[in-house]
1. For residues that are among the charged types (D, E, K, R) and closer than 16 Å to GLY80 by Cα, scanning just segment 50-62, find the one that is surrounded by the fewest Cβ atoms within 10 Å (Cβ to Cβ).
2. Give the residue, chosen from ALA18, ALA10, ALA65, that is over 15 Å from the mean Cα position of the chain (by Cα) and small (Gly, Ala, Ser).
3. When only residues in segment 1-24 that are among the small types (Gly, Ala, Ser) and closer than 16 Å to TYR43 by Cβ count, which is surrounded by the fewest Cβ atoms within 10 Å (Cβ to Cβ)?
4. Quick check: anything in segment 35-49 more than 14 Å from the chain's Cα centre (by Cα), surrounded by 10 or more Cβ atoms within 10 Å (Cβ to Cβ) and at pLDDT below 90?
5. If you go through segment 43-77 one residue at a time, how many are more than 21 Å from GLY33 (Cα to Cα), in a loop (DSSP other than H, G, I, E, B) and of a type outside the set (S, T, N, Q)?
6. List, please: which pairs have Cβ atoms under 6 Å, are six or more places apart or on different chains, and start with a residue in segment 20-47 that is without any contact (Cβ under 8 Å) to a residue 24 or more places away in the chain and end with one that is of a type in the set (Gly, Ala, Ser) and surrounded by 12 or more Cβ atoms within 10 Å (Cβ to Cβ)?
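The values are calculated or read from the model by the stated rules, or taken from the named source; none is laboratory data. The structure displayed is predicted, hence computed values, not measured ones. Ideal geometry is used to build each Cβ from the backbone, glycine not excepted, and the neighbour counts take in all protein chains shown.
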Amino acid sequence: RGEALDALNAGQAQDPVAAEHRMQLLMVQRRDGGLTIGDTHEYEHPFAFDTVEEPYEHLTRVVEAFLGRPLPRIRHRWAGVYAQCT
């Protein structure tokens, strides 16, 4: 953290859904023109086996506003677990 990030956070609160799911916006255009978009994080153990739609709906709204157009149908969704040493 730093002063610039603290100032940004003070002046522009993160959406509650984004904060709850520790979301960040990542977009990568694939070779075929498609987009890989993400992501959310969950840190509480045990991890749920299912996915919750609310963060994905929020992410879709943010991306559509950013791109200025509706997203096409989502073809694949990935949910996984990363190993982390603490």
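1. ASP50
2. The unique qualifying residue is ALA10.
3. Per the stated criteria, the residue is ALA19.
4. yes
5. The qualifying residues number 9.
6. Here the result reads LEU26/GLY38, each pair linking segment 20-47 to a residue that is of a type in the set (Gly, Ala, Ser) and surrounded by 12 or more Cβ atoms within 10 Å (Cβ to Cβ).
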